[in-house]
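S.K.: Below is a structure I'd like to ask you about.
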Amino acid sequence: MSILGLELRRSAAAGAALLALAVGVAALYLIPGRWSEGWMPLVLTSKEYLILLWPLALAAGAWQGRREHRAKVGELFATTPRSRARRMLPVLVAMGATLGLAYLLVLVAGGVRIASTASYFPPDVVVIVLVGVLSLVAAAWLGLGLGRLLPALVTAPVLAVAGVLLVFFTAIMRPWWLGAVLSPVYGSSMWYPFQTIDSGVTGALAIWMGGLALAGVLLLVGGSPRARVAAVLPVLLGLGVATAIVPRDKAALLAPVDPVARELVCTDDAPKVCVTRVHANVLESVTPLAREGLAVLAKLPGAPTEVHEYARAIDEENPAVRDDVVVINVRIDDRGGLALPDVVVLEVVSGLGVGYTGDCPRDPAVERAAAYHLLGREPVSDLELYPEMIWEEPELNAEAVALWQDLQELPPAEALSRVAAVRAAILACQDSTGLLSQ
């Protein structure tokens, strides 16, 4: 323990861990909206930032690995009765434990922010985090071995740059299954809050990282050229086993879905309002707004009576249109609460309560004018409502305003009749153009 304590105080382990912790926490809190929706978004975002932490750990290990060469004590230590493997054990433990702990503390720093709002904790989180820790340990140990093998001053910075390139390009390479094996950040790009990582992908990465870690240990403790050549074996074996077990199915490789996180959680009373389980914490905030939108739509014949959160995944077909259900997006703010609450009512009413209709003709200006007539206010551009919107056809809102003004000049019953005709046309897959102005 005294030797390990000396390593923690005098080696690069503590400094590398503090730097990794600072970089990880800064990257997380630079854009907290990316992971404020729950535990899995936090874990995936932290995994994505391994593009910074993994090369850092690799370079730190390489810098530490050249210590004996730098101090010119290699021959002196070789004359001691203590084996090199025993002498290097504290170094391995210090570098691996501190960097692994730093990764866990990055997640703790993010978890403190969302602990009161994240209502769903997927079991896969634990395994993904542990493999993330293993990835940093593997990078540090591989760096130690390469630093001893190539004890030049430029080894650490070159490995840092090479590590960034390796992690990035293997994450986007084709075929996908090979990228899933090679890159510790693969699968971390978020498409929706109920996304996860397939267990086969996580297992393959763990095997590959284990092979790299073992190779680093053999390079560090090996005393002969034959032992160093033997370090290639765990790399090849790990790669072979990982590529054999990694899934080839596109559904498992490209943003797979956690079915439990996507389950709908609904109110007990009517009108029913439902959100996905991962957003269950905002159901209480969404419900009165969604019901207000349903009350506006109730002016139309055959109006919908339920509101559900949109929960479609990549490559899935759009759900069939149900006349009695309105599908909306639920947005979460940086603190884990409901974002843009003023937009929820509009989303319920927009499209007159009709969602995706395939190739049916839709006139967005007509639908916007009709929706805002029901709301009793003049149409505004989506650019003013949605921060993520960067462009909209300039004529769209102007046309909607003109149609809305025409509706205001009609008797209320006639105007409502025309709006109802627009909804009926949408449901019947007919063109609604001109129905408000004829």
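S.K.: Are any residues in region 253-294 among the charged types (D, E, K, R) and either closer than 23 Å to residue 342 by Cβ or in contact (Cβ under 8 Å) with a residue 40 or more places away in the chain (or both), and if so, which ones?
M.R.: Result: 258, 262, 272, 277, 284, 291, 292.
S.K.: Pick from 416, 383, 410: which is in a loop (DSSP other than H, G, I, E, B) and out of contact with any strand residue (DSSP E or B) (no Cβ under 7 Å at 6 or more places or on another chain)?
M.R.: Just a single option satisfies the conditions, and that option is 410.
S.K.: Only one of these conditions is not met by residue 374: (1) at pLDDT 95 or above; (2) open to solvent by 60 Å² or more (accessible area, probe 1.4 Å); (3) hydrophobic (A, V, I, L, M, F, W, C). Which number is it?
M.R.: Status for residue 374: all satisfied but (2).
S.K.: Output the number of residues of region 22-48 satisfying the condition of being open to solvent by 10 Å² or more (accessible area, probe 1.4 Å) and either in contact (Cβ under 8 Å) with a residue 60 or more places away in the chain or assigned to a helix (DSSP H, G or I) (or both).
M.R.: Of the residues in region 22-48, 14 are open to solvent by 10 Å² or more (accessible area, probe 1.4 Å) and either in contact (Cβ under 8 Å) with a residue 60 or more places away in the chain or assigned to a helix (DSSP H, G or I) (or both).
S.K.: While we're on this one: Which condition does residue 168 not pass, out of (1) in contact with a Pro (Cβ under 9 Å, 6 or more places away or on another chain); (2) closer than 25 Å to residue 28 by Cβ; (3) open to solvent by 60 Å² or more (accessible area, probe 1.4 Å), if it passes all the others?
M.R.: (1)
S.K.: If a residue must be assigned to a strand (DSSP E or B) and either at pLDDT below 90 or within 10 Å of residue 294 (Cβ to Cβ) (or both), how many such residues does region 305-327 contain?
M.R.: Adding up the residues that qualify gives 3.
S.K.: Any chance region 366-376 includes a residue that's closer than 18 Å to residue 296 by Cα and of a type in the set (Val, Ile, Thr)?
M.R.: Just the residues of region 366-376 that are closer than 18 Å to residue 296 by Cα, to begin with: 366-376.
Then drop every residue that is not of a type in the set (Val, Ile, Thr), which leaves 366.
The answer is yes, given that some residue of region 366-376 is closer than 18 Å to residue 296 by Cα and of a type in the set (Val, Ile, Thr).
S.K.: Of all residues in region 281-304, how many are open to solvent by 30 Å² or more (accessible area, probe 1.4 Å) and outside any loop (DSSP other than H, G, I, E, B)? If you could, list the steps in order and put the result at the bottom.
M.R.: From region 281-304, those open to solvent by 30 Å² or more (accessible area, probe 1.4 Å) are 281, 284-285, 288-289, 291-292, 295, 298-299, 301-302; that's our starting set.
The next check asks that each one be outside any loop (DSSP other than H, G, I, E, B); those that pass are 281, 284-285, 288-289, 291-292, 295.
Residues that pass the stated criteria total 8.
S.K.: Can you run down the residue pairs with Cβ atoms below 8 Å, 6 or more apart or on separate chains, where the first is in region 168-179 and assigned to a loop (DSSP other than H, G, I, E, B) and the partner is surrounded by 14 or more Cβ atoms within 10 Å (Cβ to Cβ) and of a type outside the set (S, T, N, Q)?
M.R.: Within 8 Å, the pairs are 173/179; 173/182.
S.K.: Just name the residue that is most open to solvent (accessible area, probe 1.4 Å) out of those in region 328-337 that are touching a residue at least 24 places away in the same chain (Cβ under 8 Å) and assigned to a loop (DSSP other than H, G, I, E, B).
M.R.: 335
S.K.: Next up: When region 98-148 is examined, which residues are found to be within 18 Å of the chain's Cα centre (by Cα), of a type in the set (D, E, K, R) and open to solvent by less than 60 Å² (accessible area, probe 1.4 Å)?
M.R.: Of everything in region 98-148, just one residue is within 18 Å of the chain's Cα centre (by Cα), of a type in the set (D, E, K, R) and open to solvent by less than 60 Å² (accessible area, probe 1.4 Å), namely 113.
S.K.: Another question, if that's okay. Within region 342-371, how many residues turn out to be open to solvent by 40 Å² or more (accessible area, probe 1.4 Å) and either touching a residue at least 12 places away in the same chain (Cβ under 8 Å) or in a helix (DSSP H, G or I) (or both)?
M.R.: 6
S.K.: Related question: Residues 414, 399: which one is open to solvent by 50 Å² or more (accessible area, probe 1.4 Å) and touching a residue at least 12 places away in the same chain (Cβ under 8 Å)?
M.R.: 399
S.K.: A follow-up question, please. Which residue, of 339, 295, is in contact with a Lys or Arg (Cβ under 6 Å, 6 or more places away or on another chain), of a type outside the set (D, E, K, R) and under 30 Å from residue 373 (Cβ atoms)?
M.R.: Residue meeting the stated conditions: 339.
The values are calculated or read from the model by the stated rules, or taken from the named source; none is laboratory data. Keep in mind that what you see is a predicted model, and the values were worked out from it rather than measured. Quick reminder, even Gly has a Cβ in these numbers, built from the backbone with ideal geometry, and neighbours come from all protein chains shown. Accessible surface is based on the protein model in full, side chains and every heavy atom, while ligands, DNA and RNA are left aside. Shrake-Rupley method; radii C 1.70, N 1.55, O 1.52, S 1.80 Å.
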